[in-house]
Every structure is written in structure tokens, then in C-alpha cells.
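Structure first, then comments.
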Amino acid sequence: MNVIPLPNVFQSLPGSFHVHKDTTINFSGELKATADLLCDFLAESIGSRPKRSNYSSINLTLDFSLEEEQYQLFVDRNSVHLSARTNRGAFYGLQTLKQLATVKDGRLFIDCCIIDDRPRFSYRGFMLDVARHFFPKEEIFRLIDLIAFHKFNVFHLHLTDDQGWRIESEAYPRLTEIGGKRKATYSRRLKGYAGPHQGYYTKADLKEIVAYARSRHIEIIPEIDMPGHMNAFIAAYPDASCLNKEIDVLSDFGISDITLCPGNKEVYQMLSRVILELIDIFDGPYFHLGGDEVPKKHWKKCPRCQKAIKDFHLKNEKELATHFLNYFAEFLRAHNKTPIFWNDGISEKTSPGAVVQHWKYFTRKKTVKEINRGRRAVLSDYFYLYLDLPYALTPLKKTYQFEPLGKKIKNTANVLGIEAPLWTEWVPDRSKIDFQIFPRLAAVAEIAWTEKENKSYDDFIERLKNLYSHYRKMNVGFAEDKENQPNLFARAWGALSWFQDEDCELRKKKRRR
Ligand code: ACM
Ligand code: ZN
């Protein structure tokens, strides 16, 4: 079965169905959206769109006995039957069909098979950091199509960070005028600075992105990372930090100790207005508030922060961080959104409705405790799912073998699913995106979709060959087998260079302070 992620129930049959210029299609009116996409795909391959006719060899039918994301596919030499309860389910059937199709001399063949398929996890996510490097909306559209092809249903956009603010705000135009630009960009490749960098999405861009994603059954989750990772915001509005001093949007990477001041009432008002501007654009249930990596050095000396700790009867700066994040968690919940935080922003006192996104190495125990206490979670374990890591540290096989539900997780229903982030400090362009994410994203897709007992790495590797041919046809780059599964020497060398780079930049940063 040449399909990734592997369908959960299937049987391969001999032979194939041949689509030609006279092939017609029949579909339930409710599935028109998917039928249109299927016709687009067939037209691309055979040069003309199939017409709709009552007596057709290709049929899309509604079946109310199926689950929302489920589809059933039956292909024999004479016909194709795809059934689903919703366009979403039918859409996943279409993605499977695409992988079963081969085009030869303008003729299209679909392998015969019987499939009954639905996903293991309901949350199948990919994250792109558009703050460290900005990517125009066309690149976002391309990635939406590619993750949809792998049956993902969440695209998390990390929209703000120390190195850039990427969303238009009517209330606070300096966020993009000042915060959307940086003077230079540190580059590991150059061991020095590349030029300035800028860019942001207008409200109209964001609406277009959301609509494009929706038509492919993908939810865009926006992230405004706070109260750390906020130097671009502070560069635009210096009063927002404890220091009240002018700073630049960062040209270097790493954790900045300058954060928002959680003792400043105006900061709460400003961020509430910014969030309010975005709530209506993103139509899904989730909204990400970051919360990761918050140095509290300046809070200790800030009179406003210390006053807030007293006024709200908090124990310390850590509780002040929770107080700050809970304010926005409740704000979002009042607007019918579910907040998500990175796990280092979560404590026992964090709003119970907030979802934890686990990423940080060596802190899984705490996350598991939260899950077992009743908190819902998305897992993004650093050494397995961070797609910015070099293949030397995280080879394809390591990603593939990641099992989200370790024995310690009792409350498995609280694990919504998994998400693979791509942070872009060292990812300046499309070809580097492709190299970092493919084929690891195919492995992530299979973890998220295919039941654990149906997975097999050796079989996955065999099926990858077909996926590679689709990547080539779509002009998508990927790390070749030698690169995605480096030998021991290359792994040791690559890992060493990576740690050396990290360490070297850390020391350089300390010297600058
Ligand atoms: C993170 O990687 N700082 C969430
Ligand atoms: Zn302060």
C-alpha cells in the first residue's frame, strides 16, 4: 500500500483503474467541495476536467454511519467509490487517492484497493516560525497544500518574537513599522551578519490564509508569544518593558532577558486590544499565547512588578508569570477561544481550560502530571519533533519511532495529538524549509494518523519511495536517504558542530551583556 500515512485498514488488490478523457464523476451535492478538488487533481494529470454524470465510474457518496474524519475507498479496475460523512473525511480520501495515482504519458492509473481509514489523533499539527524569518503568504499557501497532502489538520503560525512582529495592528501601527523590521540577521553559515529583514501579514493576508487553510480542512492557530520573546513589541513601545528603555528588534538569536512588564496595567490593555483585533480573523477554537522562556531578572528589581506581587498576594515572580498568562487565558475564554501555552509557561495554577504544548526536554514528568490531573495536551517533544534540528541529532528513524502515549500517561484521552515545529533562526528560505521538514513530516504524519500497532519503519521506508516521486513531481525538495539517516560518523560530527554553534553563540551573548 503506497500511502503515507498508512491507512488503518486496507487491502491491496491487483490491477488499476484507468482515468481517461471520457471518465465522468458522480457525487452527493454535500461533497461538491471535495469533488471539485478531485476534478482539479484529475484535470492536472489528464488535461481535462471530468464531467458530472449520474452513471459514472467515479463516485463520491455520503455515509452517515462514518465518523467525521473517516473515509472509505474502494478502487477496482472499473470504478472508484469514495464515501465519507463530511467533506473533511472525503478530503482525506482524496489525499490517499493522489498517492495511489501514477501518471504515464498523460494517462492516469489508480492502484486497486479497499480502504477503511480514520486518524489515531484528532490534532495533527505543524508549526512555522515566521518571526525569525518572514515568509510571504504564497509560501504559506504552498505549505498548507503540502501538509494537507499528509493529512495534517493544524497549522500553527508563530507570528511574533524578539526578531520580528508579523501582524498588522490598527490600534498599534508601530508594531509593524518598527517591530516588523530588523537591521541585520545573524547567520551561522556566514559566521556573521546577513542584511536587514522585514515583513508582515496584513489583515487581508491573514483572512486569505485562514480561508485557504479552511478549504483544506486545516485550522490556523495564531501565536502571540508573551511575556518573553517580546523584543519586537518593546522596540515599538518601550514603555511595555520593566526598563522603559529604547531597544532594537533583535538581530541575534537566543533568549533575551528583556520581557514585558507584568506589573504594568497598560501592557494588559494593549495586548487585549491586539488579541481582540485577531480573534475574529482566526475562526478556529484555539489561540496560542506562548509563555515559554521568560527570564524574570528585571521583574525582581521592577517596582511595578513587585507591587503587583504584593497586591495580588503572589509568592514570587513565577506566580506573577502565571497571573499574567491567566489574565489572557481568561480573556480568550470569555471570547470562546481555548488558550494554548508552551509547557514551561504552565503551572498547577494555570487556568484548567488551557492546553499545554509540551516541548521542553527533561520536563516531561511535569507535563505528564498535568495531563493526568486533567489538562489537555499537544506533544512536540524537542529531540523527536523539532524539525529545525539537524538530521544528525534527529534522524528520520528517531522521529518515526516517537510514541506520544508513554506508559506514564494514564489520561490518554487528554492527549489531543502532536505537532512538529519548524523554528527558522537558521532557515532563511524555501529550499531550507523543504530540506528540514521533508521527509520527517511524513514520519510525523504517520505517528499522528496511523495506529501504533500498524506502524513499521521498514515498511515506511519502502513507501517513502513513492512519496519521493510525488515530492519530485510537485517540485518539493527533501533530504535524501543518506542525509536523513546519516551514518554514525556523520551523526557524531553533525551533533558536535551543532552543540558547538549553540555554545559559541551563548558565550558571545554573555560577553555582550
Ligand atoms: C520553544 O521552543 N521555545 C517553545
Ligand atoms: Zn516590571
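Quick note: the coordinates plus some simple rules give every number you see, no bench work behind them. Only a predicted model underlies this, so the values are computations on that prediction, with no experimental measurement involved. Cβ coordinates were reconstructed from backbone atoms using ideal geometry, including for glycine residues, and neighbour counts include every protein chain displayed.
Any idea how far the Cα center of the range 416-475 sits from the one of the range 298-373, in Å?
That distance is 32 Å.
Considering every pair of different Cα atoms, what Kirkwood radius, in Å, is found for the chain?
One decimal place: 24.3 Å for the Kirkwood radius.
May I ask for the Kirkwood hydrodynamic radius of the range 427-481, worked out over all distinct Cα pairs and given in angstroms to one decimal?
Result for the range 427-481 stands at 12.0 Å.
How are the C-alpha pair distances of the range 334-394 spread across 10 Å bins, as whole percents from the shortest bin up?
22, 48, 23, 7, 0
Using the Karplus equation 6.51 cos²θ - 1.76 cosθ + 1.60 (θ = phi - 60°), what ³J(HN,Hα) coupling, rounded to whole Hz, does each residue of the range 111-116 give in order, writing x for Gly and Pro?
Values per residue, Gly and Pro as x: 4, 6, 5, 10, 9, 10 Hz.
What does the net charge come to around S45 if you take all other residues with beta carbon closer than 13 Å to its beta carbon, with K and R at +1 and D and E at -1?
+3
Sort 92-101, 332-341 by the packing proxy (mean of other Cβ within 10 Å over each peptide's residues), most packed first.
For the peptides 92-101, 332-341, the packing ranking is 92-101, 332-341.
In the chain, what cysteines have no partner Cβ closer than 4.7 Å?
Lacking a cysteine Cβ partner under 4.7 Å: C39, C112, C113, C504.
Provide the convex hull volume over Cα atoms per residue for the range 216-347, in Å³.
Per-residue hull volume (Cα only) is 120 Å³.
Taking every alpha carbon pair in the range 305-426, what does the distance histogram look like in 5 angstrom bins from 0, in percent?
2, 11, 18, 18, 17, 14, 10, 6, 2, 1, 0
Counting other Cβ atoms within 10 Å of each Cβ, which trypsin sites (Lys or Arg not before Pro) in the range 265-332 have at most 16 and sit in a DSSP loop?
Qualifying residues, ordered by number: K315.
Could you state the per residue volume, in Å³, of the convex hull enclosing the Cα atoms of the range 359-406?
Per residue, the Cα convex hull of the range 359-406 comes to 71 Å³.
Over 19 Å between C-alpha atoms is what I'm after, so list which of K98/K151; K137/K432; K337/K369; K265/K310; K191/K432; K408/K455 land there.
Beyond 19 Å: K337/K369; K408/K455.
If you wrap a convex hull around the Cα atoms of the range 87-146, how much volume per residue is inside, in Å³?
142 Å³
Skipping prolines and chain starts, which residues have an amide H placed within reach, meaning under 5 Å, of the one on G290, given they are 5 or more residues away or on another chain?
Amide H neighbours of G290: I224, M226, W342.
Sequence neighbours fewer than 8 away in the same chain don't count; with that in mind, list the aspartates and glutamates whose C-alpha is under 16 Å from K318.
Here the aspartates and glutamates satisfying the reach criterion relative to K318 are D257, D292, E293, D344, E348.
What are the residues whose amide H is under 5 Å from the amide H of S256, where those residues sit 5 or more places off or on another chain and H is modelled from the backbone?
Under 5 Å from the amide H of S256: H229.
Step through the residues of the range 69-79 one at a time and calculate ³J(HN,Hα) from phi using the Karplus curve (6.51 cos²θ - 1.76 cosθ + 1.60, θ = phi - 60°), rounding each to whole Hz and writing x for Gly and Pro.
9, 8, 9, 10, 10, 10, 10, 10, 5, 9, 7
In what order do W449, W498, W493 fall by count of nearby beta-carbon atoms within 10 Å, going from fewest to most?
The order, fewest Cβ neighbours first, is W493, W498, W449.
Relative to the compact-globule scaling 2.2 N^0.38 Å, provide the ratio for the alpha-carbon radius of gyration of the range 241-286.
So the Cα radius of gyration is 1.50 times the expected 2.2 N^0.38 Å.
Could you tell me which trypsin sites (Lys or Arg not before Pro) in the range 405-479 are loop residues by DSSP with no more than 13 other beta carbons within 10 angstrom of their beta carbon?
Sparse-neighbourhood loop trypsin sites (Lys or Arg not before Pro): K407, K408, K410.
Net charge near A443: determine it from the other residues with C-beta under 12 Å of the C-beta of A443, scoring Lys and Arg +1 and Asp and Glu -1.
In short, +4.
GluC sites (Glu not before Pro) within the range 101-182: which are DSSP loop residues with at most 14 other Cβ atoms inside 10 Å?
E170
What are the semi-axes of the equivalent ellipsoid of the range 88-235, taken as the square roots of 5 times the eigenvalues of the Cα gyration tensor, listed largest first and rounded to whole Å?
After scaling each eigenvalue by five and taking roots: 37, 18, 14 Å.
Can you check what the net charge comes to around R85, using other residues whose Cβ is under 11 Å from the Cβ of R85 (Lys, Arg +1; Asp, Glu -1)?
-3
Using a Förster distance of 41 Å, how high is the FRET efficiency between D257 and K473, based on the Cβ-Cβ distance and rounded to 0.05?
0.30
Relative contact order for the chain: what is it in percent, counting Cα pairs under 8 Å that are at least 6 residues apart?
RCO, the chain: 14 percent.
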